[in-house]
Amino acid sequence: MDDCIFCKIVKGEIPSIKVYEDERVFAFEDINPISDGHTLIIPKAHAENIWEISEEDLAAIHIASKKIAVAIKKAINPDGIACLQLNGRAVNQVVMHYHFHLIPRLPGGPELMMTDWELKPGDMEKIKQIGEKISSGIE
C-alpha cells in the first residue's frame, strides 16, 4: 500500500531499527516505546487487521515473536513481556497495518497499564450465550 508507513519501512523508504526479518515478517524497535525493548512485528504483505491478515502471515508473526522474545530476554532480562495487538480505531490502532507489540516489563519499571485491570465476575449466562454464538460462527 503506497501511503502505509509500515509498508514504506518494509521497502526501506523510511528508516527503522530492524531487529529481525524473514520472507514474511519484519520486526523493528518502536520509536514511541512504552518501555525499553518495545518491538513491533509486522507482516511484509499489507493487511490492516486480524480480519485481513493471511493465516500464513499470522503464523509467521507468532513464530518470529517467540524468537524475538527470547532475544529480548537475553538482551535486557525483563521481569515479563506483554504481547499486544490492536484491531481498529475503536481500540486505538493508530497505524492501519497489522502489527504485534512485544513490550518488556523491566525490573523496577512502572506497571504496564494494558496488563493491569480489575477482575470482576461476569454474568455466566451471558458469557455462555456469547460463547455459543462465537462457537457457531467458526468455519
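Readers should treat all values here as calculations from the given coordinates under stated rules, not as data from a laboratory. If you're wondering where the values come from, they're calculated on a predicted model, not measured in any experiment. Cβ placement follows ideal geometry from the backbone for every residue including glycine, while neighbour counts extend to all protein chains displayed.
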List the cysteines of the chain that have no other Cys Cβ closer than 4.7 Å: which are they?
-> Cys83
Spatially proximal lysines relative to Lys11 (Cα-Cα < 22 Å; intrachain offsets below 8 disregarded) = Lys44
By the C-alpha gyration tensor axes a ≥ b ≥ c (rounded if a/c is under 1.5, else prolate when a/b exceeds b/c, else oblate), the shape of region 74-119 is oblate
Rg from C-alpha atoms of the chain, normalised by the globular rule of thumb 2.2 N^0.38 Å, equals 1.18
Counting Lys +1, Arg +1, Asp -1, Glu -1, what net charge surrounds Ile127 among other residues with beta carbon under 13 Å of its beta carbon?
-> +1
For region 19-50, listing GluC sites (Glu not before Pro) in a DSSP loop whose Cβ sees at most 10 other Cβ atoms within 10 Å gives Glu23
The chain - percent relative contact order, Cα under 8 Å, separation 6 or more | 23
